[in-house]
Structure formats: C-alpha cells, structure tokens
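Colleague: Provided herewith is a single structure, encoded as structure tokens, for subsequent inquiry.
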Amino acid sequence: MKCIVALLILFSLGSCSAQLEEKATTNPKAETEVLSEVEKHYQLNDTVHEASISKGSVSKGELIHGRIVPFSGKNFHYFDTTSYLADRGFTHQKVLETVLTAYEALDSLLPNRHFCLMECSHKHGGKLFPHRTHQNGLSVDFMMPKLKNGEAYYGLDDLGAQHYMLTFDKNGVYSDDPSVELDFNTIALHILQLQSAAKQNGLSIEKVIINTDLKDELFATENGKKLKASGIYVVRNLTPLINSLHDDHFHVDFRLE
C-alpha cells in the first residue's frame with residue numbers, strides 16, 4: 001500500500017521528475033539548467049509582501065499571500081525539483097520564518113549537519129494530492145535525518161518523490177541496508193528547535209505526525225526525553241496506512257497564536 005501511495009505522489013508530480021533526475025546526474029549542463037529553472041521560479045514567486053492568511057483547516061483550507069520556501073540554504077535543501085517547480089513549496093510567512101529560524105539554530109548546534117525540507121502547500125493552498133492535509137500553509141514535512149554506521153548519512157536524500165517509497169522498521173533501521181538508521185536524537189532536536197522558533201514567530205506546534213512504532217526509540221534519546229517532557233503533541237494513534245507513510249519523514253502542523 002505504501003508503494004501505491006508513493007506512486008500516486010510521483011504521478012501527481014508528473015513523469016518529468018525521473019527525467020529531471022536522470023538528466024541532472026548524467027549531464028552537468030542539464031543539471032545547471034534545472035537549477036537555473038529553480039532559481040527563476042524562486043525569484044518569480046518571491047515577490048509577495050502582504051501578510052499571509054491561512055483560511056480553514058489543514059485538511060480543508062486555502063492560503064492567501066503564501067511565501068515560497070528557498071530551494072536551498074546553508075544547511076538545508078528542498079527535497080525535489082519537480083515538486084518545487086509544481087508550486088508545492090509554499091507556506092504561511094510565519095511558518096517560513098519559523099523553519100528558517102530553526103535551521104539557523106540547528107546550524108549553530110550541529111554545524112556540520114544538513115537537512116531536507118519536504119512538501120509544504122500549494123501556492124494558493126487547497127488540495128495537495130495525495131496528502132490529506134497541507135491545505136492552508138500551516139503544514140510542513142521534514143525528512144528524517146539518518147546515520148550510517150553511526151555517522152551522518154545523506155545517500156538517500158536526493159531521491160526526490162521516490163523517497164516516500166523508503167521503509168524503516170520499528171527500530172528505525174532501513175529495510176534495504178541495516179547499516180542505515182534514523183537519527184532519533186537529531187529528529188527530536190529538530191522538533192524542539194521548530195517549537196522554539198515557532199514561539200518567536202507567533203506560532204506553536206499543533207501536532208507532530210511520526211510513525212507511532214518509532215516513538216519509543218525517539219523518546220529514549222537525550223533530546224527525545226526533552227521532547228516528551230515539552231508538551232509538544234506527538235500523535236498517539238494513526239490508521240495503518242498513514243502510520244506506514246511516516247517512517248521516512250515527520251509531519252508538523254503549526255497553529256497561529
């Protein structure tokens with residue numbers, strides 16, 4: 001079932017996703033052209049100055065005056081060029097400020113670590129197929145940081161939408177390579193920094209969605225214990241399908257204060 005949903009995501013982004021990735025890896029000129037298109041897309045959309053407005057809920061809403069997220073920064077990048085060019089990287093301005101503030105804090109705490117930002121909302125909100133939420137600019141997906149033999153590992157970070165096909169067991173071990181595992185301590189730190197940044201920007205974390213089978217491993221770490229004591233709501237129950245889809249990334253819904 002997870003593969004079916006992943007294929008739906010790939011389908012929703014269009015068949016050009018794999019073509020873009022292939023060109024980028026086999027043709028340096030094509031890679032430059034793709035990055036140029038990304039930069040043009042950012043500049044074209046980074047022109048909004050009015051205050052963002054989130055209407056409705058994360059599951060039935062719209063986004064007015066949304067902000068496009070930068071495709072990359074000092075210690076992060078957006079996970080997929082096709083998703084980005086398809087206007088799926090927009091948020092409420094306060095969410096964008098929160099995400100960037102959190103990455104800045106993480107750069108100070110973990111100066112050699114890199115992170116991946118995943119899908120946000122459409123430019124004007126509304127349905128972001130096949131997600132059930134992400135409709136009003138207050139939802140963001142974050143890729144799980146990983147370790148390989150105890151060291152930071154980025155070998156799976158550039159799969160684009162195919163990243164949704166990855167599977168990890170209840171201990172956070174990658175199904176195709178047991179030497180790769182989720183970095184639970186850094187995941188918890190990331191969430192804590194998002195909450196801290198949210199408070200600075202007039203937000204709070206409404207909900208964190210992560211595969212519930214991973215929560216014991218998450219809360220057992222040093223930062224996980226702080227996360228458990230923080231009062232941040234981490235989901236307790238999910239349907240089997242939704243649960244299976246959140247072993248490779250965690251989802252955050254923010255709330256305007």
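Colleague: Considering only HIS131, HIS246, HIS92, give the residue with the highest GNM mean-square fluctuation for the chain, with springs between Cα atoms whenever their separation is below 10 Å.
Modeller: It is HIS131.
Colleague: Calculate for the chain the 222 nm mean residue ellipticity that helices alone would give, adding -39,500 (n - 2.57) per DSSP H run of length 4 or more and normalising by residue count, nearest 500 deg cm²/dmol.
Modeller: Calculated from helices alone, the mean residue ellipticity at 222 nm is -12000 deg cm²/dmol.
Colleague: Here's something else I'd like to know. Helices from the chain with mean Kyte-Doolittle at least 0.0 and a Cα length along the axis of 20 Å or more, per DSSP H: which?
Modeller: 93-109, 184-200
Colleague: Let me ask another. Return a whole-number percent for the relative contact order of the range 2-256, with Cα pairs under 8 Å and 6 or more residues apart as the contact set.
Modeller: Relative contact order here is 19 percent.
Colleague: Among ILE68, ILE242, ILE205, which one moves the most in a GNM of the chain with springs linking Cα atoms closer than 10 Å?
Modeller: Evaluated over the chain, the most mobile residue of the options is ILE242.
Colleague: Mind computing the radius of gyration and Dmax over the alpha-carbon atoms of the range 2-256? Å is fine for both.
Modeller: Using the Cα atoms of the range 2-256, the pair Rg, Dmax is 17.2, 50 Å.
Colleague: Running a GNM on the chain with Cα contacts under 10 Å, which residue among VAL235, VAL140, VAL99 ends up with the highest mean-square fluctuation?
Modeller: VAL235
Colleague: What is the gain in length, in nm to one decimal, between SER230 and THR47 on full extension, counting 0.36 nm per residue of separation less the C-alpha to C-alpha distance?
Modeller: 62.2 nm
Colleague: Kirkwood Rh and Cα-based Rg: tell me the resulting Rg over Rh for the range 84-227, rounded to two decimals.
Modeller: With Rh from the inverse mean 1/r over Cα pairs, Rg/Rh is 0.95.
Colleague: Magnitude of the Cβ-charge dipole of the range 2-256, K/R +1 and D/E -1, about the Cα centre, nearest 20 debye?
Modeller: With only Lys, Arg, Asp and Glu charged at Cβ, the dipole is about 960 debye.
Colleague: Now for a separate question. Taking loop as defined by DSSP and a crowding limit of 11 other beta carbons within 10 Å, which trypsin sites (Lys or Arg not before Pro) in the range 154-231 fit?
Modeller: Here no trypsin sites (Lys or Arg not before Pro) fit, given the DSSP loop and packing criteria.
Readers should treat all values here as calculations from the given coordinates under stated rules, not as data from a laboratory. In this text the structure is predicted, and so the values were computed from the model without any measurement. Here Cβ is always computed from backbone atoms with ideal geometry, including for glycine, and neighbour counts include all displayed protein chains.
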